[in-house]
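To keep things clear, I will list the structure first and then write my remarks on it.
The values are calculated or read from the model by the stated rules, or taken from the named source; none is laboratory data. Worth saying up front: this structure is predicted, and the values here are computed from it rather than measured. Virtual Cβ from ideal backbone geometry, glycine too; neighbours counted across all protein chains shown. We work out accessible area using only protein heavy atoms, side chains counted, and drop any ligands, DNA or RNA first. Shrake-Rupley method; radii C 1.70, N 1.55, O 1.52, S 1.80 Å.
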Amino acid sequence: MTPPPVPTPTAGEAAFMAELRRLKAWSGLSYRELERAADAEGEVLPYSTAATMLRRDRLPREAVLVAFLIACGLDAEDTRQWVAARRELVMGARPFPTPAPQPPVRRRRPRLLLAVAATAVAFLAGVSAAASGTVTVQEEQTVEHIRQP
């Protein structure tokens, strides 16, 4: 029997998928037979998922790829090689973005804290004045106004 196709991650996603199609042909199994073979190995691979995967030029999810590879009859080492190639393609296809430099953060005075503190001081001053018996000018005028006949 001829050896199974080998992935070449440097060729890109479309070439990787073309090799998967060659692998299916190499296995000699129909999509329904692939589904049964995956099930026999404890994997889940609906025939429609396998067919859809091979019609596209995008990388399949890793779990689907593993189920497909096992259903095709690859051993553990060949499966690891395919998974590693897929991971390499994923890392190359989606490079981590370099964050833009952030401007320095200026520390602002916490205005809300200052407003709360000022309100608290004013309230305490009023409570203190009331407790000490101090009467404001406005209070004196009000009291005088009430006392006048």
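Structural remarks
- Options Ala67, Ala14: the member that is free of Cβ contacts under 8 Å to residues at least 40 places away in the same chain, within 28 Å of the chain's Cα centre (by Cα) and within 22 Å of Ala84 (Cβ to Cβ): Ala67
- Selection count where residues are part of a helix (DSSP H, G or I) and either out of contact with any helix residue (DSSP H, G or I) (no Cβ under 7 Å at 6 or more places or on another chain) or open to solvent by less than 80 Å² (accessible area, probe 1.4 Å) (or both), scope the stretch 23-82: 40
- Residues of the stretch 1-22 that turn out to be open to solvent by 70 Å² or more (accessible area, probe 1.4 Å) and assigned to a helix (DSSP H, G or I), as a count: 3
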